């Protein structure tokens, strides 16, 4: 009789443990589903949002970035995006490093727009297009110019430069 009671108790414990395990498995699957759905929606969001293409490495004096109508003070570590406008005042300068290691250095009273930047070596897609409105800039090409020289463009109010070399300095007088 004692043996039968112990067997019955053991079965109840086992059934209770199985129910607990089943509930834990259900909880785990529900959480995994939620995390999976969040990761998919996160990927969709990040696919719609532009990735940073460059970083401010040096800024002094009056130096700002205009993005979607908002003026942001340029400071070391500030991430830059396509269509950002870089501005420096009379006492300003800014140094920028792009994701392909292209270097830009803006002197005082400069205005420059990053029209396009694509650096996707795995897909074979490369493009850098910069529009300089006024000021002084020193340019040192990165990997885009080395891998696809025809994909590098620098535009000024009076000319457009297809860059085949590795470095240049340009000065554009304002109106």
request  = Just give me the residues in the range 107-118 being touching a residue at least 40 places away in the same chain (Cβ under 8 Å) and crowded, with 21+ Cβ neighbours inside 10 Å, in sequence order.
outcome  = 114, 117
key: Tally of residues being in a strand (DSSP E or B) and in contact with a strand residue (DSSP E or B) (Cβ under 8 Å, 6 or more places away or on another chain) across the range 68-106   = 19
Check on residue 145, under 21 Å from residue 67 (Cβ atoms) and crowded, with 17+ Cβ neighbours inside 10 Å = no
remark   = Across (1) under 20 Å from the mean Cα position of the chain (by Cα); (2) surrounded by fewer than 21 Cβ atoms within 10 Å (Cβ to Cβ); (3) at pLDDT below 95, residue 136 clears everything bar (1)
query = Looking at 152, 156, 88, which is the one that is surrounded by 21 or more Cβ atoms within 10 Å (Cβ to Cβ) and more than 20 Å from residue 58 (Cβ to Cβ)?
reply = 152
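Looking at this structure, is residue 166 modelled with pLDDT under 90, farther than 28 Å from residue 72 by Cα and in the same structural domain as residue 59 (by TED's automatic domain parsing)?
Details: modelled with pLDDT under 90: yes; farther than 28 Å from residue 72 by Cα: yes; in the same structural domain as residue 59 (by TED's automatic domain parsing): yes.
Against the criterion (modelled with pLDDT under 90, farther than 28 Å from residue 72 by Cα and in the same structural domain as residue 59 (by TED's automatic domain parsing)), residue 166 qualifies.
The values are calculated or read from the model by the stated rules, or taken from the named source; none is laboratory data. Being a predicted model, the structure only gives us computed values, none of them experimental. Heads up, the Cβs are rebuilt from the backbone with ideal geometry, glycines too, and the neighbour counts pull from every protein chain shown.
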